[in-house]
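Please read the structure below before turning to the comments.
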Amino acid sequence: MNLFDLTGKRALITGGTHGLGMAMAEGLAQAGAELVITGTTPSKMEEALQYYKSKGFKATGYLFDVTNEKAAAENIELISKELGDIHILVNNAGIIKRELATTMSVADFRQVIDVDLVGPFIMSQLVVKQMIERQEGKIINICSMMSELGRNSVSAYAAAKGGLKMLTRNLATEWAKHNIQVNGIGPGYFATSQTEPIRVDGHPFNEFIINRTPAARWGNPEDLAGAAVFLASKASDFVNGQIVYVDGGILATIGKPSNEN
Ligand code: GCO
């Protein structure tokens, strides 16, 4: 028996149209899962579905905003009718706004909390109904370094991702008795469009991250696939409420002076 085989499983990845969501979706599909992708931008969805198709994966797309509970409920129902049950939910959709707390508007703060924290709550609450009926399911919340650490200019994002870590533990506590495992993945610093503004050559943050990461590099989106497959598969059936940090060792260390090898 292959503990990591996802044949016959249907995985819904929010924001699976690009970046880390796409890389995790690809990993799950390679392990045998059928993909259900959600997004909010039609052109990105079209491109993503083309890409999945070119790889030979079965993937269907649904356009809705995870913060809109009514639209989310309607779409989950539609997915059930059109495709069937969701066995794996990856709450990946997220946004960041890099603004200092002294000047950040309350509206911006609220929006980040809404997408990054309330969205996963809405989606989990909707999908868990089928999981409870089946007495089986996997929910994976995409956390962050900012679930553990602070940094200038990301107060809303850190508050949301810290909250998502605790939401993960709480949902794991409530639903473990139904054989549903709720866990998180905490990516370190990855080369995606989200980090592009702070990754450009010459940006002090670029050098800082490479120096701060024991593996001495940015993560590549594919680096996340293994953790996603593990937390989506039978291999993790007694793993509940954990956050697996895939960070090249950042959280293991205090860091080092920039002149030290
Ligand atoms: C930042 C943010 C994000 C990171 C991330 C790290 O420092 O600006 O934290 O850009 O991508 O989520 O895990």
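The values are calculated or read from the model by the stated rules, or taken from the named source; none is laboratory data. Remember, predicted model here, so these are calculated numbers, not experimental data. Heads up, the Cβs are rebuilt from the backbone with ideal geometry, glycines too, and the neighbour counts pull from every protein chain shown. The protein model used for the area step is the full one, side chains on, heavy atoms only, and it has no ligands, DNA or RNA in it. Shrake-Rupley method; radii C 1.70, N 1.55, O 1.52, S 1.80 Å.
Normalised by the number of residues in region 1-141, what is the relative contact order in percent for Cα pairs under 8 Å and 6+ residues apart?
Details: 213 pairs, mean separation 34.8, N = 141.
Value for region 1-141: 25 percent.
As a test of understanding, state the convex hull volume per residue of region 107-232 from its alpha carbons, in Å³.
Numbers: hull volume 14.8 nm³, N = 126.
In region 107-232, the Cα convex hull volume per residue is 117 Å³.
To the nearest 500 deg cm²/dmol, what mean residue ellipticity at 222 nm is calculated for the chain from DSSP H runs of n ≥ 4 alone, each contributing -39,500 (n - 2.57), summed and divided by the residues? Intermediate values should be presented prior to the final figure.
On the way: 9 runs with 105 residues, N = 261.
The helix contribution divided over the chain gives -12500 deg cm²/dmol.
Once you compute Rg and the Kirkwood Rh from C-alpha atoms, what is the Rg to Rh ratio for region 62-138? Mind dumping the intermediate values first?
Details: Rg = 14.9 Å, Rh = 13.8 Å.
With Rg and the Kirkwood Rh in hand, the quotient comes to 1.08.
Dividing the convex hull volume of the alpha-carbon atoms in the chain by its residue count gives 139 Å³ per residue. Between 104, 45, 131, the residue with the greatest mean-square fluctuation in the GNM of the chain (Cα pairs under 10 Å linked by springs) is 104.
If you average 1/r over all unlike Cα pairs in region 1-82 and invert the result, what Kirkwood radius do you get in angstrom? Could you put the intermediate results ahead of the total?
Values: mean 1/r = 0.0773 Å⁻¹.
After inverting the pairwise mean of 1/r, the radius is 12.9 Å.
Normalising by residue count, region 33-180 has a Cα convex hull of 123 Å³ per residue. Once the 1.4 Å probe is applied to the protein heavy atoms, the chain comes out at 48 Å² accessible per residue.
Note down the Stokes-Einstein diffusion coefficient of region 7-48 in µm²/s, whole number, using a Kirkwood radius over alpha carbon pairs, 10 °C, and 1.306 mPa s. List each step's numbers first, then the result.
Values: Rh = 10.1 Å.
For these conditions, the coefficient is 157 µm²/s.
What is the local net charge at residue 100, summed over the other residues whose Cβ is closer than 13 Å to its Cβ (Lys, Arg +1; Asp, Glu -1)? The answer is +1.
With kT/(6 pi eta Rh) evaluated at 37 °C and eta = 0.692 mPa s, and Rh the Kirkwood radius from Cα pairs, region 193-258 diffuses with a coefficient of 237 µm²/s according to Stokes-Einstein.
Counting only protein heavy atoms and using a 1.4 Å probe, the accessible area of residue 233 comes to about 0 Å².
The accessible area of residue 223, taken with all protein chains in place and a 1.4 Å probe, comes to roughly 60 Å².
Taking every pair of Cα atoms in region 93-154, average 1/r, invert it to obtain the Kirkwood radius, and report Rg/Rh to two decimals. That ratio is 1.11, to two decimals.
Annotation: residue 178 carries an accessible surface of approximately 40 Å², with a 1.4 Å probe and no ligand, DNA or RNA atoms counted.
For residue 36, nonlocal amide neighbours, meaning residues 5 or more places apart or on other chains whose placed amide H falls under 5 Å from its own, are 11, 12, 13, 60.
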